[in-house]
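The values are calculated or read from the model by the stated rules, or taken from the named source; none is laboratory data. Small disclaimer: the values here were computed from a predicted structure and weren't measured. Heads up, the Cβs are rebuilt from the backbone with ideal geometry, glycines too, and the neighbour counts pull from every protein chain shown.
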């Protein structure tokens, strides 16, 4: 299936731990994103990479570090997890050349920090 | 900076009734506009988009939206609601390399 996939789907961990979320797209897109959706369903962009180059870096604590090994993958590493990091994290991708920014979303990773 | 305002965080309609979800945007340039739907515990799915051309845009599942430049609106409608339409709906506008989302409207369908 052509899609944006994320692993894991659920992640439960203790405060202070370090964790990673992985994202892969096989749509041939050149741009990938990470969004955070809080408990009120508000969606906020965190990062965006185009062809492995960071192009958007919103005001996000530096405990969050994205890594793009190639344009089909964008991983999110989080150090020293805090209670406030609990949220659903969505990966998305788009084709910059399309010019309209239509984004395709993954199923989300629900992170719970205890 | 562009912004999106969705009027009503919760909207309830009876099954078979008209669905109307309101969205207003602010943009200094011709916008690209989107409606996404999020079913419980799932990711976002594109319902429809406006880029250029015809201002009435048809999407999946019987939804449509009309771009009205004079009103800076992009309201989402469906003539007859179905129970399966219960979900969170997000209006969004494209800005540079990112999408700005509204805060979402939860649509409840009453039997």
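Keeping to region A:85-105, report how many residues are at the interface with chain B (Cβ under 9 Å from one of its Cβ atoms), under 19 Å from residue A:68 (Cα atoms) and outside any strand (DSSP E or B).
The qualifying residues number 2.
Only residues that are closer than 14 Å to residue A:21 by Cβ and under 13 Å from the mean Cα position of the chain (by Cα): list them for region A:86-104, please.
If we filter region A:86-104 for residues that are closer than 14 Å to residue A:21 by Cβ, which is where we start, we get A:86-92.
Result: A:87, A:88, A:89, A:90, A:91, A:92.
Restricting attention to region B:13-25, report how many residues are under 15 Å from the mean Cα position of the chain (by Cα) and in a strand (DSSP E or B). Quick ask: steps written out before the conclusion?
Of region B:13-25, the ones under 15 Å from the mean Cα position of the chain (by Cα) are B:18-25.
Still in the running and in a strand (DSSP E or B): B:19-25.
So the answer is 7.
Within region B:52-71, track down each residue that is closer than 21 Å to residue B:29 by Cβ and surrounded by 15 or more Cβ atoms within 10 Å (Cβ to Cβ).
B:57, B:65, B:66, B:67
Any residue in region A:84-96 that is within 24 Å of residue A:12 (Cβ to Cβ) sitting within a Cβ distance under 7 Å of a residue that is surrounded by fewer than 19 Cβ atoms within 10 Å (Cβ to Cβ) and modelled with pLDDT of 95 or more? List the pairs, counting only those 6 or more apart or interchain.
A:86/A:112; A:88/A:110
Name the pairs whose Cβ atoms lie under 8 Å apart, with the first residue in region A:17-34 and on the phi > 0 side of the Ramachandran plot, the second in a loop (DSSP other than H, G, I, E, B), and 6 or more positions between them or separate chains?
So the pair list comes out as A:28/A:95.
I'm checking my understanding of the structure. Among residues of region B:32-73 that are assigned to a loop (DSSP other than H, G, I, E, B) and without any contact (Cβ under 8 Å) to a residue 12 or more places away in the chain, which one is nearest to the other protein chains (Cβ to nearest Cβ)? Lay out the reasoning, then the answer.
Start the filter on region B:32-73 by keeping residues that are assigned to a loop (DSSP other than H, G, I, E, B), which leaves B:32, B:39-43, B:51-55, B:59, B:63, B:72.
Adding the requirement that they be without any contact (Cβ under 8 Å) to a residue 12 or more places away in the chain leaves B:41-43, B:53-54.
Numbers: B:41: 8, B:42: 6, B:43: 4, B:53: 12, B:54: 15 Å.
Once the filter is applied, the top-ranked residue is B:43.
Please enumerate the residues belonging to region A:64-83 that are farther than 10 Å from residue A:49 by Cβ and in contact (Cβ under 8 Å) with a residue 40 or more places away in the chain.
If the condition is that a residue be farther than 10 Å from residue A:49 by Cβ and in contact (Cβ under 8 Å) with a residue 40 or more places away in the chain, then A:72, A:75, A:76, A:77, A:78, A:79, A:80, A:81, A:82, A:83 are the ones that fit.
Testing residue B:95 on (1) in contact with a strand residue (DSSP E or B) (Cβ under 6 Å, 6 or more places away or on another chain); (2) touching a residue at least 40 places away in the same chain (Cβ under 8 Å); (3) within 11 Å of another protein chain (Cβ to nearest Cβ), one condition comes back false. Which one is that?
Failing condition for residue B:95: (1).
Which strands (runs of 3 or more DSSP E) sit wholly inside region A:23-78 and have at least 3 residues that are surrounded by 20 or more Cβ atoms within 10 Å (Cβ to Cβ)? It would help to see each step written out before you state the result.
Numbers: elements: A:31-37, A:43-50, A:53-57, A:64-70, A:73-78.
Here the list reads A:31-37, A:43-50, A:73-78.
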